[in-house]
Amino acid sequence: MPPIRRGVALAARVFVATASILRPGGEALPHPGSFRARSRTLGAVTASSVIPGFVVVIPAGGIGSRLWPLSRAEAPKFLHDLTGSGHSLLRDTWDRTASLAGADQVVVVTGVAHELAVLEELPELSAANVLLESEPRDSTAAIGLAAAVVERRAPGAIIGSFSADHFIRDTDGFRDAVHEAVAVAETGRIATIGIEPATPAVGYGYIHAAGALDIPGAPNAEAVRSFKEKPNRKTAKRYLTTGEYLWNAGMYVARASVILDWIAKSEPELAAGLAEIAEAWDTAARDEVVARVWPGLRKVAIDYVVAEPAAAAGALAVVRGAFDWDDVGDFEAISRLHQTDAGDDLVVFGGESPAVVAEDSTGVVFAQSGRVISLIGIKDVVVVDTEDALLVTTKEHAQRVKSIVDALRLSGRSEVL
């Protein structure tokens, strides 16, 4: 995707943007030449930065409904550059996590339709470490599949699950938190990384921390009292003032076997299905078993199956993450990530040569259709103009875009989803 352009809308202006241990036998699988279109290095990967026995799991699923019509089933948000980094969110996730485990110990779980795109974005990734979902079954099945396959390939391994479509600028702070989470996991607990909230956000779930734990190597680890659903504004403000609540970023670190044990306790049929699939994964029977078992797995989030029961049993700890984090969940988030001190920016991106004429206007514009978009005196606007769909809303209502997607699905308009 072409880079995001920012322009201060103080007067009429025109903005134009231009366009392994996980591999049976331990051998690397060569990629076709087309997958090496963008060769990159991992950066500062040293023996001291790699965590022994650690495997990174990157769930790359979901369509990002609140970013429709930019994000869709065939081109979900993790394949877009939404932060101005010059790379997709997936690529950025790889860059901050692969150095923790080594390139041969990163597993990506994604849909069949996205296999080639993922390998093209990540030429260092072995195709053997791409675990394909024939259809979405939510995070318990996705992370559980990775845990089951990793446990068979590398018994006793600790896995860390980090979403493909989140944004973190402070990679050093993130990596420090992961090291602490691994120290927690070595005690047999599940660790999650909670983000110290900067604002009373209503778009995130929260973790209620319950006081420090004495775990060597994890000075910022705390017990967890409970998980909280997305709050209203008044409740979010109360959470912020107490200092006891953290944003739930959905990051989990634990031994693969521990994750599987908790799935078995909460959802035994789901656990049995994952075990059957994992047993066949590196054999000729994989396709038949996956086709038979995967569609019948229950769709349920891992928070409900693993995290909340483990917290209630005192088996889950949260590591306070002091780094910046954003789930880039809606268009307000995109605007926020590109905000300047002046606070009056208009973010413009999309297409080969999007043209936007703006006067005294702020917000976000994605222009892909080729039409000229003119804005006069509109604050905090969101305009997403694609070839077959147009969205116009405001940043205040950005969370409600998902309801439009739901309505289109119910009306049978799947061709635009």
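Every number in this text was worked out from the coordinates using simple rules, so none of it is lab data. These figures come from a predicted structure and were not determined experimentally. Glycine also receives a Cβ, built like all others from the backbone with ideal geometry; neighbour counts cover every protein chain displayed.
Things to note:
- Within the chain, helix-based [θ] at 222 nm, where runs of 4 or more DSSP H residues each add -39,500 (n - 2.57), nearest 500: -8500 deg cm²/dmol
- Hits among lysines - C-alpha to C-alpha of Lys228 under 17 Å, sequence gap 8 or more where chains match: Lys237
- Among 285-297, 364-376, the peptide with the highest mean count of other Cβ atoms within 10 Å heads the list, and the full ranking is 364-376, 285-297.
- Dipole magnitude (debye, nearest 20) for the chain, charges at Cβ of Lys, Arg, Asp, Glu: 580
- Put in order of Cβ neighbour count within 10 Å, fewest first, the listed residues Val357, Val348 become Val357, Val348.
- When Cα Rg over 2.2 N^0.38 Å is calculated for this entry, the matching label among [x] 1.13; [y] 0.99; [z] 1.21 is [y].
- For the peptides 403-412, 79-88, the ranking by mean Cβ contacts within 10 Å, running from highest to lowest, is 79-88, 403-412.
- Full extension of the segment from Arg233 to Asp287, taken as 0.36 nm per residue of separation minus the current Cα-Cα distance, would add 14.7 nm.
- Glu396 versus Ala212: modelled label distance in nm, points set 7 Å from Cα along the beta carbon direction: 4.4
- Cross-link reach is defined here as a Cα-Cα straight distance under 24 Å, omitting same-chain residues fewer than 8 places apart; for Lys230 the lysines meeting it are Lys77, Lys299, Lys395, Lys402.
- Unit charges at the beta carbon, dipole of the chain: most positive-side option, Thr83, Val290, Tyr206: Tyr206
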